[in-house]
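The values are calculated or read from the model by the stated rules, or taken from the named source; none is laboratory data. As the structure is a computational prediction, the values presented were derived from the model and not from experiment. Using ideal geometry, Cβ is built from the backbone for each residue, glycine included, and neighbour counts are taken over all protein chains shown.
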Amino acid sequence: MTVTRSSQILAFLAYALLIVGWGIVMLVGRRDRFAVYHARQSLVLSLAVISAPLVWLVIGWAVAWIPWVGPILWAASFSLVIGLAILAVIAWIAGMVHAARAQVRPLPFFGDWSGNLFRS
């Protein structure tokens, strides 16, 4: 696949503007396979970053009502959210590097999800 400079810029913007970058790329460069590949990767990363704390809050709120153990479990489970945030930062940096180097490589930790969600 031949990657133009504009494709690289679009793919990089998909990661640089994490929450909205994938949408911009899908609107502007939806015919560019390289940019769309990275936009999909960025979308999965954005969904993981947004949904993990929300899931933690919902489950944690329900668990916190259990006497004695609930608040401890709720606080301890926050380490999972922190761990996901660390993995997301690593994947975010890797995605920007792959886009800048014109590489079609899946994100670490999150790339397989993108492949499963967007089969085409």
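Within the stretch 33-76, the set of residues being loosely packed, with under 14 Cβ neighbours inside 10 Å and among the hydroxyl-bearing types (Ser, Thr, Tyr) comprises Ser51 only.
Return the residues of the stretch 49-81 that are in contact with a Phe, Trp or Tyr (Cβ under 6 Å, 6 or more places away or on another chain) and hydrophobic (A, V, I, L, M, F, W, C); say none if nothing qualifies.
Here is the first cut: in the stretch 49-81, the ones in contact with a Phe, Trp or Tyr (Cβ under 6 Å, 6 or more places away or on another chain) are 60, 63-64, 81.
Residues satisfying the conditions are Val63, Ala64, Val81.
Of the helices (runs of 4 or more DSSP H) lying entirely inside the stretch 1-74, those containing at least 2 residues that are over 18 Å from Val104 (Cα atoms), of a type in the set (Ser, Thr, Tyr) and under 15 Å from the mean Cα position of the chain (by Cα) span 33-64.
Within the option set Arg105, Arg101, being basic (Lys, Arg), exposed (fewer than 14 other Cβ atoms within 10 Å of the Cβ) and closer than 20 Å to Ser7 by Cβ holds for one residue only, Arg101. Among the residues of the stretch 86-95, not a single one is surrounded by 13 or more Cβ atoms within 10 Å (Cβ to Cβ), more than 28 Å from Val20 (Cα to Cα) and at pLDDT below 95.
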